[in-house]
Amino acid sequence: LIIEIDVSNVYQTMNKTYFFMTYICLLMLLLFSCDNNSMPEEVFPDGQIVIVYDNDVHCAVDGYAKLVALRNQQEQIADYVTTVSCGDFANGGVVGASSKGELIVDIMNEVGYDVVTLGNHEFDYGTEQMFNLTDKLNANVVSSNFKNCQTNDHVFPAYHIVNYGNVDVAYLGVTTTSTGTSVMFEDGNGNQLYTLMRNEFYQNAQNVIDEARAEGAEYVIALAHLGDLEQDGGHPNSVGLINNTNGIDAVIDGHEHSIIEERFVLNKDGKSVLLTSSGSYFQYVGMVSINTNGTVESMLVDLTSGTVPTDANTQQFVDNVKEEVNLAGQRVVGHSEVFLTVYDDEGNYVANKQEVNIGNFCADAYRSYTGADIAVINAGGIRAEINIGDVTFNDVLAMHPYSNEIVTATISGQQLADALEFSVSSLPDGVSAFLQVSGMKFEVDASIPSPVVFDVENDIYSHVGNGERRVSNLQIIDPETGDYSPVDLGCTYTLASVNYLLVNWGDSGILRHAEPDDKYWTTDVEAITYYIDRLGGKIDSRYENVEGRIVVKY
C-alpha cells in the first residue's frame, strides 16, 4: 500500500507551530527579564567612578585651584574621575562682571570641566552673551529643558553620555524654570524664542531620562540647578524632580545654595535616589562616587578647613586673571565719608524689606544721570556695600556686578502705585523685588492683607485687586524746589531703572507695564561713578541715614 503525503503542507504546519512557540517563549523571557519599570538590568562598573562637582561658585575664583588639587588626588585613587558644574559660575563677583563672564570661562577651561549645566545667572548678561560663553566653554553643556520654541529642539544636548569601561553614565542637565522671569526670551516682535518648559517639566524630564537609558546609559546623574526648597511661584525643584520620575540614580543640585552632603529621596516608584549639593562660593567641593557594587554615595570636602591643598599651576592662572582685573579696577573714583549698607543697626539684612541708605544712593544716581522724574532699583540688584574711605571702580563693580544698563521709561501714576504695591506685598518677609526709590516717598501699612494677585503659571504679578491697599500717601518730588506733592494717578512720569527690570521683566515683571524708551543711557556702574563725580568726588553725610522715603508700619 502506497500512501501519498503532501510534504509541503506538513513543513508549512510545522514551521507555523515552531515560530508561534518561539514567539511565546521570547515574549515570556522578555517579561520576566525586566522589572515593572522596564528599566535595564543594573550593570556594576568595573572600577570606581568619582564625580567631582561644584555649584553656585559665583566667581569665588580662588576655589578652583583647590578643586583641581582634590581631583588630582582622586585620580590617584579612583579608576575614573569626571569634573562637572551645576551652574551659576559666570556672575556674582568682580571677575565675572568685569568681563561678562568670559574670564570665568577662561579659568574653567584651564581647570578642565567635562560637563556643565546652566544656572539662572548664566543668563544675566543676556541670551546672546550666554551663547558666547557656552561657545567658548570647552566642557559639554547640557540642558534638557531649555528649548527653541520655533523648532521645539533642545538648544543644548539634553544629556551627555560618558563611557567608563563597561558602563555608560548619562549626565542630564536641568535648569530652573524661574530663569524665564530673569530674562525675556522674546524677539522684538513679542514672539517667544525659548522656553524652560515649566508646564511640561516633569514629563519632559522623564522622556529624556528614558532616551538616555534607551541609548545605553546604565546610570543617570542629573546636574540640576533647581534647589531643594519649595520655590516661590511653585517652580519645580530637585525633590519634585525625583518624586515625579524614575531612572535617575543621583541629583547633584544647585540654585538654593543648600549644603546637602547625602540625602535620599524616594522617586515615583519608591526607590531611594541620592540628592547632594555643595552650598555656594566654594565653601565645599562635592564628590559623588559610583562604586563597583552599584551603590551611589556622596561627600563634601570643606575648602575652608585649611587642610585642602592648592594646585599651584591653576592658582597661578587664577592670580594672573585677578591681577588683570585689579589693575583695571583699582582706579579711585571717589571717597565715601559714610558706610553705605544693606543692613540695619542690629546687623540684619533689610534691603529687601525697608529703605536703606545704599538704595537711596543708587536710585539717586540713576535719576541724576538721566534727569528722570523718579528712579528705582530692586534690592536684589545691590550685591555689596561701600565702606568709608576711597571708593574704587572695583568697589562699584562689586556692588553692581550684573552689567545692567540704565533705561528710562514712561509710567503712569497708577502703574507706579501698582508696582509699589507689588514691591511691598511680601512684607514682613523680604523679597528681591522690593524697590529702593528716588524722587518719591510713600507709606506702607503691612498689617493690611496684600491685594496683589500673582499669576503663578507665568511667575509674574498679575494685577492689584479691589481690596484695601498697603501703599498710601505716595508723593513725587519737585526737582526745582525739593518739595513733594501727591502723585497724579492719571499723569505720566519718566522712570529710570535697569534693563533687568524695565526690558527683561525681571523680578516677576514688577515694572512690565512701564513703556521703556529705545535709549540705553549707560551701564549701572558708570552711572554710579558719574554721580560720585557730580557730588564732587565725595559721598557725604547726606547718605549717612535714611530719609523716610519708605515708611513701613506693622
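The table that follows gives values for the structure above.
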read-out: So V407, is it at pLDDT 95 or above and β-branched (V, I, T); value: no
read-out: Among (1) crowded, with 18+ Cβ neighbours inside 10 Å; (2) more than 26 Å from the chain's Cα centre (by Cα); (3) outside any strand (DSSP E or B), the one test that G467 misses; value: (1)
read-out: Candidate set from region 418-443 (those that are charged (D, E, K, R) and more than 23 Å from the chain's Cα centre (by Cα)); member that is farthest from W505 (Cα to Cα); value: E443
read-out: Helices (runs of 4 or more DSSP H) wholly inside region 304-399 that include at least 1 residues being open to solvent by less than 60 Å² (accessible area, probe 1.4 Å), farther than 20 Å from S98 by Cβ and not hydroxyl-bearing (S, T, Y); value: 357-370
read-out: Enumeration of residues in region 532-554 that are assigned to a strand (DSSP E or B) and among the basic types (K, R); value: K538, K553
read-out: Number of the condition not met by L133 [criteria: (1) under 26 Å from R71 (Cα atoms); (2) surrounded by fewer than 19 Cβ atoms within 10 Å (Cβ to Cβ)]; value: (2)
read-out: Any pair with Cβ under 8 angstrom, 6 or more apart, that starts in region 493-516 at a residue that is on the phi < 0 side of the Ramachandran plot and among the charged types (D, E, K, R) and ends at one that is surrounded by fewer than 24 Cβ atoms within 10 Å (Cβ to Cβ) and not in a strand (DSSP E or B); value: R512/W505
read-out: Where L489 falls short, out of the listed (1) in contact (Cβ under 8 Å) with a residue 12 or more places away in the chain; (2) out of contact with any helix residue (DSSP H, G or I) (no Cβ under 7 Å at 6 or more places or on another chain); (3) within 27 Å of E443 (Cα to Cα); (4) open to solvent by 80 Å² or more (accessible area, probe 1.4 Å); value: (2)
read-out: Residues that are within 30 Å of S178 (Cα to Cα), of a type in the set (A, V, I, L, M, F, W, C) and surrounded by fewer than 19 Cβ atoms within 10 Å (Cβ to Cβ), drawn from region 522-554; value: V552
read-out: Matching residues in region 71-98 - criterion: being open to solvent by 10 Å² or more (accessible area, probe 1.4 Å) and within 19 Å of I252 (Cα to Cα); value: R71, Q74, Y80, V81
read-out: Qualifying positions in region 433-449 - open to solvent by less than 50 Å² (accessible area, probe 1.4 Å), in contact with a strand residue (DSSP E or B) (Cβ under 9 Å, 6 or more places away or on another chain) and not in a strand (DSSP E or B); value: A433, F434, G439, A446
read-out: First in region 407-420 and under 24 Å from K519 (Cα atoms), second anywhere and open to solvent by 10 Å² or more (accessible area, probe 1.4 Å) and assigned to a helix (DSSP H, G or I), Cβ under 7 Å, 6 or more apart; value: V407/N499; T408/T370
read-out: Residue list for region 488-531, restricted to those being modelled with pLDDT under 90 and in a strand (DSSP E or B); value: D517, D518, K519, Y520, W521, T522, T523
read-out: Condition check for T276: part of a loop (DSSP other than H, G, I, E, B), of a type outside the set (D, E, K, R) and open to solvent by less than 10 Å² (accessible area, probe 1.4 Å); value: no
read-out: Strands (runs of 3 or more DSSP E) fully within region 147-239 counting 3 or more residues that are without any contact (Cβ under 8 Å) to a residue 24 or more places away in the chain and in contact with a Cys (Cβ under 6 Å, 6 or more places away or on another chain); value: none
read-out: Test: V288 is touching a Phe, Trp or Tyr at 6+ places or on another chain (Cβ under 8 Å), under 27 Å from H225 (Cα atoms) and hydrophobic (A, V, I, L, M, F, W, C); value: yes
read-out: Hits in region 317-356 - residues which are out of contact with any strand residue (DSSP E or B) (no Cβ under 9 Å at 6 or more places or on another chain), closer than 30 Å to G112 by Cα and among the small types (G, A, S); value: A328
read-out: Qualifying residue in region 405-414 (condition: over 21 Å from the mean Cα position of the chain (by Cα), surrounded by 23 or more Cβ atoms within 10 Å (Cβ to Cβ) and assigned to a loop (DSSP other than H, G, I, E, B)); value: no
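The values are calculated or read from the model by the stated rules, or taken from the named source; none is laboratory data. In this text, all values refer to a predicted model and were calculated from it rather than measured experimentally. Using ideal geometry, Cβ is built from the backbone for each residue, glycine included, and neighbour counts are taken over all protein chains shown. When the accessible area is computed, the model is the full protein with side chains, heavy atoms only, and any ligands, DNA or RNA have been set aside. Shrake-Rupley method; radii C 1.70, N 1.55, O 1.52, S 1.80 Å.
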